[in-house]
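The values are calculated or read from the model by the stated rules, or taken from the named source; none is laboratory data. Treat the numbers as computed from the prediction; the structure is a model and nothing was measured. Here Cβ is always computed from backbone atoms with ideal geometry, including for glycine, and neighbour counts include all displayed protein chains.
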There are 2 protein chains.
Amino acid sequence: MSKLSTVAVVGGVHGNEMTGIHLVNHLKQTPENGQRGSFNTELVIANTKAHQHNRRYIDQDLNRQFSQADLTNPDLTDYEHSRAKALNAQLGPKHDPRVDFVIDLHTTTANMGTTLIFNTNDPLVMGMALYVQSHMPHATLFYHPQERLEDNFLTSLGRFNGFLIEVGPVPQGLLRADVYLETQTALMHCLDYIDAFNTDSLPTLPNEAVAYQFTEKVRLPEADNGDIIGMVHPSLQDADYQAIHPGDPLFMMLDGSTKPYEGKQTVYGAFINEAAYYDAHIGLSFMEKITVSLNSDH
Amino acid sequence: MSKLSTVAVVGGVHGNEMTGIHLVNHLKQTPENGQRGSFNTELVIANTKAHQHNRRYIDQDLNRQFSQADLTNPDLTDYEHSRAKALNAQLGPKHDPRVDFVIDLHTTTANMGTTLIFNTNDPLVMGMALYVQSHMPHATLFYHPQERLEDNFLTSLGRFNGFLIEVGPVPQGLLRADVYLETQTALMHCLDYIDAFNTDSLPTLPNEAVAYQFTEKVRLPEADNGDIIGMVHPSLQDADYQAIHPGDPLFMMLDGSTKPYEGKQTVYGAFINEAAYYDAHIGLSFMEKITVSLNSDH
């Protein structure tokens, strides 16, 4: 496999997620921390205007605008549509990218700890997740397979379908030192991994690991008029990646009653009570617990 | 002392603090929960436009616009200026208010638990704090004395300088069930207290209690160009109302170094890493630990 020569580290795809923005800006001022011997690290703030307004986005979520179809659709002209095309010109173009790999830094208000999100089973990318987890055993692998050209995440712009570091809980619009340090540590391991890959000095990695695969988004309880009439149940709040069995409490209605999980399969929650999804009335994501393998076609 | 005939319960002074908004809307649909026999409860959503945009405010913080001077200044014409004047017409006017008492529902991203904020030592108001705390011993009293006509909080619109319920931690823009239930419980105690006051059935309250009095806001570390270059120190994060001694860590700089508290007096933190104050580069408030008394002129 050919070596990687250029890696983009991106913060501020969501303008109110301060951690990645401050970390990228700090790396700009201390380049010795972001550079490695075998490749060049480019540092990017993705949604500067949303950051100035301390908002996730101006017109729509930037991190849903990177499918090849949307990037080449001239009718998409809003701010984030345009930012996506500008970033595609800067880092891509997606069909034949200049940049080999994109590492994208995000935070969540959910209690997801350090989550490593990757959308491909390419051994280079899955190996990065296993490498980071070998140094940070508390980190969780979050697998969301997507065909790279169809994938609408920024991480899909590079030659490989890249890597997203998602750390929480932290409210929008501020820095928490613990979340900042976790993000920084995970990012340093990612860069070390690519350097080790390039120099043929990778350590032996476990062949398998537990991961969680996204299955569906779950809506908050709504009245007939669309109003939210329930909340994530107290027993589920902050319980990301824990099992939800049939009959377990899912929501507490505003009148105090409980709405249970009515599915037949045990599932696992993620992005539980994520503030950014509240306007879409999304309460959590259901995940399937799986085993990923460096050598399978999973 | 004359009885109270009208009490306003207000949510959504800050448009992205969902708890008060949903609680007020729920009380509108279940009036039996908000009404008491001896007075009328009016239910108000204060900043509807900011709520529609899921923002704290449109032009400026509504909860700083209620001084008598500003309410009567015709040159203040922005959205929140106008909302304040409309609320003054609806609930006041401040110099001779129709409404006797305002209870204002807020949330914070800081780990302040259930905090009861009052700006006067009037026995009716301070008695409410002591009454609520007698039912919720974990609640903290937060005293911030202000002359009512000069006070710029919404709670100052009523005949008495009112009462603010501040519960956290909860990110902006969502409901947490635990925070919702705490707020609801504290509010019910407030309404019960006024009903007991009106019907001469108040229980005996403790004569004294520990409270925290606001002294100053503390800025985050800044570079010469104004950029934020530090965060609340991990040992101070979530440590609201705990002692900060001279030399204790206050901030962690982005380069990893520590900035200690350089004052000579022990202080106590509140609103530690409150997201709403981040754009003003405010890291926390310093508080003085005091004793309040129902019978003193404190």
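Things to note:
- Residue in region B:198-221 that is in a helix (DSSP H, G or I) and touching a residue at least 12 places away in the same chain (Cβ under 8 Å) present: yes
- Residue match in region B:203-226 (condition: aliphatic (A, V, I, L, M) and within 26 Å of B:A50 (Cβ to Cβ)): yes
- Residue check for B:E166: away from chain A (no Cβ under 14 Å) and assigned to a loop (DSSP other than H, G, I, E, B): no
- The set of residues in region A:95-136 being assigned to a helix (DSSP H, G or I) and out of contact with any Cys (no Cβ under 9 Å at 6 or more places or on another chain) consists of A:P123, A:L124, A:V125, A:M126, A:G127, A:A129, A:L130, A:Q133, A:S134, A:H135.
- Residue check for B:G263: under 26 Å from B:P171 (Cα atoms) and either out of contact with any Ser or Thr (no Cβ under 8 Å at 6 or more places or on another chain) or surrounded by 17 or more Cβ atoms within 10 Å (Cβ to Cβ) (or both): no
- Of all the numbered requirements in (1) in contact with a helix residue (DSSP H, G or I) (Cβ under 7 Å, 6 or more places away or on another chain); (2) away from chain B (no Cβ under 14 Å); (3) in a loop (DSSP other than H, G, I, E, B), A:A186 misses one, and that requirement is (3).
- When A:N88, A:N16, A:N54, A:N33 are checked against the criterion of being in contact with a helix residue (DSSP H, G or I) (Cβ under 7 Å, 6 or more places away or on another chain) and closer than 22 Å to A:V170 by Cα, a single residue qualifies: A:N54.
- Top-ranked residue in region A:34-76 [being of a type in the set (G, A, S) and within 14 Å of chain B (Cβ to nearest Cβ); ranked as nearest to the chain's Cα centre (by Cα)]: A:A50
- Among the residues of region B:204-260, those identified as away from every other protein chain (no Cβ under 13 Å), more than 25 Å from the chain's Cα centre (by Cα) and surrounded by 14 or more Cβ atoms within 10 Å (Cβ to Cβ) are B:D248, B:P260.
- Within region A:261-298, the residues that satisfy the criterion of being in a loop (DSSP other than H, G, I, E, B) and under 17 Å from the mean Cα position of the chain (by Cα) are A:F271, A:I272, A:N273, A:E274.
Yes or no, residue by residue, for (1) within 13 Å of another protein chain (Cβ to nearest Cβ); (2) of a type outside the set (A, V, I, L, M):
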site: B:A110; (1), (2): yes, no
site: B:M128; (1), (2): no, no
site: B:S134; (1), (2): no, yes
site: B:A139; (1), (2): no, no
site: B:E147; (1), (2): no, yes
site: B:E150; (1), (2): no, yes
site: B:G162; (1), (2): no, yes
site: B:Q172; (1), (2): yes, yes
site: B:D178; (1), (2): yes, yes
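- For A:D100, the conditions (1) out of contact with any Lys or Arg (no Cβ under 6 Å at 6 or more places or on another chain); (2) in contact (Cβ under 8 Å) with a residue 60 or more places away in the chain; (3) more than 14 Å from chain B (Cβ to nearest Cβ) are fulfilled apart from (1).
- Within region B:167-176, one or more residues are among the small types (G, A, S) and within 30 Å of B:N54 (Cα to Cα).
- Some residue of region A:145-161 being modelled with pLDDT of 95 or more and assigned to a strand (DSSP E or B): no
- Counted as qualifying within region A:1-70 are the helices (runs of 4 or more DSSP H) with 3 or more residues that are touching a strand residue (DSSP E or B) at 6+ places or on another chain (Cβ under 9 Å) and buried (at least 18 other Cβ atoms within 10 Å of the Cβ), namely A:18-29.
- Scanning region A:266-289 for residues that are more than 12 Å from chain B (Cβ to nearest Cβ), surrounded by 15 or more Cβ atoms within 10 Å (Cβ to Cβ), out of contact with any Leu (no Cβ under 6 Å at 6 or more places or on another chain) and not aliphatic (A, V, I, L, M) gives A:Y268, A:S285, A:F286, A:E288.
- For region B:72-90, the candidate set comprises residues that are in contact with an Asp or Glu (Cβ under 8 Å, 6 or more places away or on another chain) and part of a helix (DSSP H, G or I); within that set, the residue that is surrounded by the most Cβ atoms within 10 Å (Cβ to Cβ) is B:A84.
- Test result for B:E166, free of Cβ contacts under 8 Å to residues at least 24 places away in the same chain and within 21 Å of B:E216 (Cα to Cα): no
- Residue ID - nearest to the other protein chains (Cβ to nearest Cβ), chosen from residues in region B:13-33 that are free of Cβ contacts under 8 Å to residues at least 60 places away in the same chain and out of contact with any Asp or Glu (no Cβ under 8 Å at 6 or more places or on another chain): B:Q29
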